[in-house]
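> Okay, handing you the structure first.
The values are calculated or read from the model by the stated rules, or taken from the named source; none is laboratory data. Because the structure is a prediction, the values reported are computed rather than measured. Here the Cβ positions follow ideal geometry from the backbone for every residue, glycine too, while neighbour counts run over all protein chains shown.
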Amino acid sequence: MIHSFDLEKKVLSGVLQHQHKWEEISSFLNERDFYSEDSKVNVSIFKLLKNALNNAENIDETILVQRINQLKATFPDSVDVAEYIYSLAFYKITENIFLSSVRELKKFTARREIYNSCKNVADFVKKADPNLKYGDIVEQSDQIYNQNIKDFEMTEAGPVNLFDMMEELVEDRGNNPVEDFGMLGPHPRVNEMYGSLLLAGNISVIVARSGVGKTNFCMDYTTKVSAEHGVPVLHFDNGEMSEDELIFRQCSAMTGIPVWLLQTGKWRTTAYKDWSVEEVVQKVRSAWGKIKDMEFYYENVAGLSPDEMCSLLKRFYFSKIGRGNRLIFSFDYIKSDFGSIGKVDGWQQVSYLVHKFKQTIHRDLSFDGKPCVSMLTSVQSNRLGITNNRNAGAIVDDESVVSLSDGITQFCSHLFLLRRKVAEEIHDEGSNFGTHKLINLKARHLGRDALRAIHPVEMPDGTKRQNFVNLKLENFRIDECGDLQDIVDSFNGEGIEVRENDLEQIPM
């Protein structure tokens, strides 16, 4: 079997001789690190040492021999336990070698756990009910394998006292300050007000009516974050868009060239706006260098149940991304007509779907207790979100527009409403402030300018309104155009800093 008796002996010698180091290793060194199928000597000695040190007792080889004799334990390998313990005390080992030995011993444990996990999967597959569906076999095999590995990774079992960790964490962050928390996106005002929409273990949701641009926003946002931070994207599509459609949309968003020119292939022979044919060709081909090192994976999940989708997500992550590495998960989009989970109402299915995704990215796909996968998704708004043939005062801009289930709002960390501006708003606010509004409905965390996000904006007539971000959507490309406060500042004649955003200038 996979173990090293001599390495276990070195670790026991180190624990006995360097008891002041126990707190440093106690959170991850445990009984499972000592192989006990052939001999229970080492694991028995470790248990006695662990109990004494956890109770803040000083223990030496004499006390250890006495206690193991009191247990009246017998070992089938005929080891003289007293002599063996005295040899541990006289074996000279430095602190550095001791700590290195602990790390090496954990490697043997990892190999043993992986071996045992594979055996358990093999036993399950051999004895599996022939009536099980293919997806159920894969799902249960995943659970058996990954649960054992996850258990091995956990550094500490049971509840922890957060106040015990506070000083060290805050002081460490003070010693190693960071500019921002999480992967920031391409929109400066969104970053400043709401922080990252892609924090690991969190779900951000965009709600919009059909055709407004929720898929466009999610793909544009995740692609730009992927390019900026070098993190792969996995995109689950519910079967409404083919690979080709998404590719042409992505290319249009990256180059500013209309999808029609790309789909017809006439981008090589047609001028666009004030760009010559040569400039159009150059803009299209400029994308090839950008995408060379980018990863955007597509999977059609139409008809799959929440459990099957989460199983697919986990298999992709472990096989393609690797345990402990970051991944952006994009899901298009939340609806109630996915694979059946039983005879339950649609809102219950939706709540189960979101809960299952949250559980997967927050708990199952974690490493050393920390999540590694962030999720951005969308949902269609209900009829309250309709803006056609309505004036600005009759439009509903709150979370009552979210369709399907309250579970969406409950499990997400950020919730935004994306809608087109009506003609009245474009006229009143100015065409240079974009075509769409991004309105925050829920924020579990905020950015560096939190007050700008939560304080109402005072309008020129003295009324107050909730702040929102202006977006311009054109050719599947999304550019930010400031927020409501910037609009008011422009009305008041205040100078507005202008920030370049690739194709155009946008007021910030």
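> Check off (1) of a type in the set (Asp, Glu); (2) more than 42 Å from the chain's Cα centre (by Cα); (3) under 30 Å from residue 369 (Cβ atoms) for residue 61 and give me the number that stays unchecked.
(3)
> While we're here: Pairs needed: first member in the stretch 318-347, more than 18 Å from residue 298 (Cβ to Cβ) and at pLDDT below 90; second member anywhere, surrounded by 13 or more Cβ atoms within 10 Å (Cβ to Cβ) and of a type in the set (D, E, K, R); C-beta distance under 8 Å; at least 6 residues apart or different chains.
Once the first residue is more than 18 Å from residue 298 (Cβ to Cβ) and at pLDDT below 90 and sits in the stretch 318-347, its partners that are surrounded by 13 or more Cβ atoms within 10 Å (Cβ to Cβ) and of a type in the set (D, E, K, R) give 339/308; 341/307.
> Consider the stretch 269-308. How many of its residues are among the aromatic types (Phe, Trp, Tyr) and under 20 Å from residue 233 (Cβ atoms)?
Selection size over the stretch 269-308: 4.
Residues are listed down the side, and each one gets a yes or a no for (1) free of Cβ contacts under 8 Å to residues at least 60 places away in the same chain; (2) surrounded by 14 or more Cβ atoms within 10 Å (Cβ to Cβ); (3) basic (Lys, Arg):
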position	(1), (2), (3)
272	yes, yes, no
276	yes, no, no
290	no, no, yes
296	no, yes, no
300	no, yes, no
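> Let me ask you something else. Collect the residues in the stretch 1-40 that are assigned to a loop (DSSP other than H, G, I, E, B), touching a Phe, Trp or Tyr at 6+ places or on another chain (Cβ under 7 Å) and closer than 18 Å to residue 57 by Cβ, keeping them in residue-number order.
Selection gives 18 alone.
> I've got another one for you. Of all residues in the stretch 359-373 being more than 17 Å from residue 308 (Cβ to Cβ) and either of a type in the set (Gly, Ala, Ser) or in a helix (DSSP H, G or I) (or both), which is modelled with the highest pLDDT?
Filtering the stretch 359-373 down to residues more than 17 Å from residue 308 (Cβ to Cβ) leaves 362-363, 366-373.
Remaining after also requiring either of a type in the set (Gly, Ala, Ser) or in a helix (DSSP H, G or I) (or both): 362-363, 366, 369.
Details: 362: 91, 363: 86, 366: 84, 369: 75.
Applying the filter and picking the extreme gives 362.
> Now a separate question. Determine if the stretch 303-325 includes at least one residue that is outside the structural domain of residue 225 (by TED's automatic domain parsing), surrounded by 16 or more Cβ atoms within 10 Å (Cβ to Cβ) and in a helix (DSSP H, G or I).
No, the stretch 303-325 contains no residue that is outside the structural domain of residue 225 (by TED's automatic domain parsing), surrounded by 16 or more Cβ atoms within 10 Å (Cβ to Cβ) and in a helix (DSSP H, G or I).
> Hey, another quick one. Among all residue pairs at least 6 apart or on different chains, which show Cβ distances below 9 Å where the first residue, located in the stretch 230-254, is without any contact (Cβ under 8 Å) to a residue 24 or more places away in the chain and the second is buried (at least 20 other Cβ atoms within 10 Å of the Cβ) and not polar (S, T, N, Q)?
Listed pairs, sorted by first residue: 248/476.
> Here's something else I'd like to know. Name the residue, out of 433, 411, that is out of contact with any His (no Cβ under 7 Å at 6 or more places or on another chain) and of a type in the set (Phe, Trp, Tyr). Full working, then the answer.
Values: 411 fails: out of contact with any His (no Cβ under 7 Å at 6 or more places or on another chain).
Selected residue: 433, the only one of 433, 411 that is out of contact with any His (no Cβ under 7 Å at 6 or more places or on another chain) and of a type in the set (Phe, Trp, Tyr).
> In this structure, does residue 69 turn out to be in contact with a helix residue (DSSP H, G or I) (Cβ under 9 Å, 6 or more places away or on another chain), at pLDDT below 85, surrounded by 15 or more Cβ atoms within 10 Å (Cβ to Cβ) and not small (Gly, Ala, Ser)?
Working: in contact with a helix residue (DSSP H, G or I) (Cβ under 9 Å, 6 or more places away or on another chain): yes; at pLDDT below 85: yes; surrounded by 15 or more Cβ atoms within 10 Å (Cβ to Cβ): no; not small (Gly, Ala, Ser): yes.
Answer is no for this residue.
> Among the residues of the stretch 135-155, are any at pLDDT 85 or above and not in a helix (DSSP H, G or I)? I'd like the intermediate steps shown before the answer.
First, the residues of the stretch 135-155 that are at pLDDT 85 or above: none.
Within the stretch 135-155, not a single residue is at pLDDT 85 or above and not in a helix (DSSP H, G or I).
> Looking only at the stretch 224-248, which residues are in a helix (DSSP H, G or I) and under 12 Å from residue 298 (Cβ atoms)? Show your work before the answer.
Just the residues of the stretch 224-248 that are in a helix (DSSP H, G or I), to begin with: 224-229, 243-248.
Correct list: 243, 244, 245, 246, 247.
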